[in-house]
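The values are calculated or read from the model by the stated rules, or taken from the named source; none is laboratory data. As the structure is a prediction and not an experimental result, all values here were calculated from the model. Note that each Cβ is placed from the backbone with ideal geometry, even for glycine, and that neighbours are counted across all protein chains shown.
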Amino acid sequence: MVPGGGGDEETFEEFTARSVDHLTRLGYLLSGDPECLVLDCLAEVRRRWPGTDATTVLVRRFLANPAEPGFVEELAADLEDLRLALAALPPRQRAAVVLRYWAGLPVAEVATVLDGPERVVATETGQGLAGVTAAAAQLTAASQLTAGDGVEGERAAEAVLADGLRVLAEAAPPLGVGTAEILAATRPVVRSRRRWLAAVLAGVVLVGAGAVAVTLRTGSSGEAEPEGLVVVSATPTLGRPHQPPNVELPPIIVDDQARKLTRQLRAALDRVLPGATVLHPVPRPPGAGDRPPGAGDFPLPLEFHLDEYSGLDKGYLASATVDLGVGSAVIAIDVRWRSHEDMTRYTPCPEIELDCTFRQFPDRTRADVVVFTDPASRAVVHTMSSLRPDGTFVNVTVQSTEPDTPPPLSVEDLFRFARVFTY
């Protein structure tokens, strides 16, 4: 195994330099595309430095979200047979075979990595060996070299498998980033839009204090609202003297990119917000101090506009209070683009998050959902962050409008947003 630290004197940089090739080959044998696995693994090892076993971290991340192997390069026919046979195994059997016959770990250590009873892991390893032997022509031939002696045949197949895995692992393409880039990519980054959520929720309170006029209308793009949705537009509070604004808000900007994202959301609305019937607008952050919200403070519900404070990365925001039939919630969506450097720094489920669920989708989109309690309101909040292979970064945060009540969108519901948008 590759422990996260070779002694008191070894730095994380030294560890990365000596272990990255091993981890890349391990990730390649497991998934065919090791980059995300290796970077996520090293990020976790760095957060817990020293003393965390990198092999265990990488394998368990793979097992948590086992994607179909994505080999792309051409290989010799015998290696092609082997990798296809390996890819056909269930994830745990594949991991057991790789750890046992490529990494050379004894069954007891394989069981530790896979976090299972030794007897069960031994069975999984044997089943994996049998599956590969039956599927790969070279291994089948090896097992028949000593016909009539099953033990000798199995040993011959094990030897051929170990040699084949070694050659296959050596075919793994380089990771594509050097040690300096890995160090930058694995630097812990806290990804949070909670201050924006707080501003949005504060806006909901302001709206509740004012008069609300209900109108049915089309969106700003001229497109009809999805069937069944009622848009509620807010007007400033009546009967309360206007106070000078404490914060001067720039005008709401709805450009072509904002309209594109709104179209993508509308196309997916029945899937991501099933049963939604009423949308209430909320003021855009930052809040407007103690003054009543003006009409210019309200973007249309769930219609994107430019985040005027996002700088060069041009983020886009959309929000609303949504009635889902089983409860209402404030939902806030943030979509922006990440550069390659920012993509490699994305760390799903950072250690500071106590309740986090990670998922990797077949198209290599990575996403997590964090559940936390807002200390000010004691409300339970669910927030989903996803990073798509093209650099689209999405953050969706939802909170019930009722105190001490979980939001009506569950963790699984929020994962539906992970691949809705393309920046």
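Numbers below:
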quantity: Positions within the stretch 370-423 being free of Cβ contacts under 8 Å to residues at least 40 places away in the same chain, farther than 20 Å from Ala258 by Cβ and of a type in the set (D, E, K, R), in sequence order; calculated: Arg378, Asp404, Glu412
quantity: Subset of the stretch 66-95 that is outside any helix (DSSP H, G or I) and at pLDDT 75 or above - its residue that is nearest to the chain's Cα centre (by Cα); calculated: Pro90
quantity: Tally of residues being closer than 17 Å to Thr179 by Cβ and out of contact with any helix residue (DSSP H, G or I) (no Cβ under 6 Å at 6 or more places or on another chain) across the stretch 20-41; calculated: 4
quantity: Test: residue in the stretch 389-401 that is modelled with pLDDT under 90, under 22 Å from Val38 (Cα atoms) and of a type outside the set (Gly, Ala, Ser); calculated: yes
quantity: Extreme residue, modelled with the lowest pLDDT, among residues of the stretch 300-320 that are crowded, with 23+ Cβ neighbours inside 10 Å and not hydrophobic (A, V, I, L, M, F, W, C); calculated: Pro301
quantity: Cβ pairs under 8 Å, 6+ apart, first in the stretch 23-36 and assigned by TED's automatic domain parsing to the domain that holds Ala54, second at pLDDT 90 or above and assigned to a loop (DSSP other than H, G, I, E, B); calculated: Leu26/Ala103
quantity: Test: residue in the stretch 30-40 that is part of a helix (DSSP H, G or I) and modelled with pLDDT of 90 or more; calculated: yes
quantity: So Glu351, is it at pLDDT 70 or above and of a type in the set (Asp, Glu); calculated: no
quantity: Selected residue (only one of Ala96, Ala136, Ala108 is crowded, with 17+ Cβ neighbours inside 10 Å, among the small types (Gly, Ala, Ser) and within 18 Å of Thr55 (Cα to Cα)); calculated: Ala96
